[in-house]
Each structure stands twice: as structure tokens, then as C-alpha cells.
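Notes to accompany the following structure.
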């Protein structure tokens, strides 16, 4: 309908699938509507991902409401039958306590992961550590 071949439609509409519907341009909206009419599974997968995104982007959500919303999302995933989403849902379910902690003060473990990667890089430069006390002393001087 818009003059694109199927391959062009999928290639050009790919970027819009990573955005929320409010941020689509008119041409992206037209392209996405056409993609969703041709590929209903793509539409369902898109909305599953958007529902998950909405759970984490709601600033007023508490841990209890997030737990309830995640349970509803798990049910939607189970009804959808997508194996890839089942894997994601299983991972979320397995680590739900740690994930729900995000809603207490909206902080992630990104800073801990950053420090961990710096320590690994520092250790790799030394090609092994013989003196553990000196290694920890150097770490404290560099990163503390």
C-alpha cells in the first residue's frame, strides 16, 4: 500500500519497533500498521514487549503493583505461546525478588557492574595476581 516491497517494509519498519507508539512519525505509523496487518504475530510480540516496558517506566509503581503487573504479564506471555518470551518470563520469574527491588528506590546494579568490569580489566593487565594484599591496595588507590 505504501510502495514498499515486503523486504523493504520489514527493513524500514524495524527501527520503529524499538520505539514506543507515541514516538512514531506518521510514516512510521503507516508502515507499522501495514506490518501488523501482514504479520499479526509481530504485532502480538511488539505489544508484549511494550507491556513489559510500561511496567518499568511507570514512576509511581510500587513493588507490590509491579509484582502484580509482572504476574499479569506472565499470563499474557503464557497465552501468547511465544517460546522466546517464555524464556524471558522464566528468567524474570526466577529472579523476581531481585527485579522487584528495583521498584524500592529505582536503582540498578549498574555501578557495581562497572566497578566489576574495571577490576577485571585491571587484573587482566597484571596477568595474574600473586600478592593479594598488594592487589587490593592498588585497587583501593585507583578506584576508591
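The values are calculated or read from the model by the stated rules, or taken from the named source; none is laboratory data. All figures in this text were calculated on a predicted structure; none of them were measured in a lab. Cβ coordinates were reconstructed from backbone atoms using ideal geometry, including for glycine residues, and neighbour counts include every protein chain displayed.
Does the range 52-69 contain any residue that is closer than 15 Å to residue 18 by Cβ and buried (at least 16 other Cβ atoms within 10 Å of the Cβ)? Yes, that holds for at least one residue. Cβ-Cβ distances below 9 Å connect the following pairs, each with a first residue in the range 6-25 that is more than 18 Å from residue 37 (Cβ to Cβ), a second residue that is surrounded by 11 or more Cβ atoms within 10 Å (Cβ to Cβ), and a separation of six or more residues or different chains: 15/28; 19/28; 20/50; 20/53; 20/54; 23/16; 25/16. When 39, 46 are checked against the criterion of being farther than 27 Å from residue 107 by Cβ and touching a residue at least 12 places away in the same chain (Cβ under 8 Å), 46 stands alone in meeting it. If the condition is being buried (at least 16 other Cβ atoms within 10 Å of the Cβ), at pLDDT 85 or above and over 30 Å from residue 68 (Cα atoms), then the range 11-31 contributes 28, 31. Under the condition of being modelled with pLDDT under 85 and assigned to a helix (DSSP H, G or I), the residues counted in the range 100-112 number 7.
Give the range 113-144 a look and list any residue that's outside any helix (DSSP H, G or I) and on the phi < 0 side of the Ramachandran plot, or say none. If you could, list the steps in order and put the result at the bottom.
Taking the range 113-144 first, the residues outside any helix (DSSP H, G or I) are 127-131, 144.
Those that are outside any helix (DSSP H, G or I) and on the phi < 0 side of the Ramachandran plot: 129, 130, 131, 144.
Residues that are closer than 30 Å to residue 94 by Cβ: find the helices (runs of 4 or more DSSP H) completely inside the range 1-78 holding 3 or more of those.
Values: elements: 6-17, 26-38, 40-57.
By residue number, 40-57.
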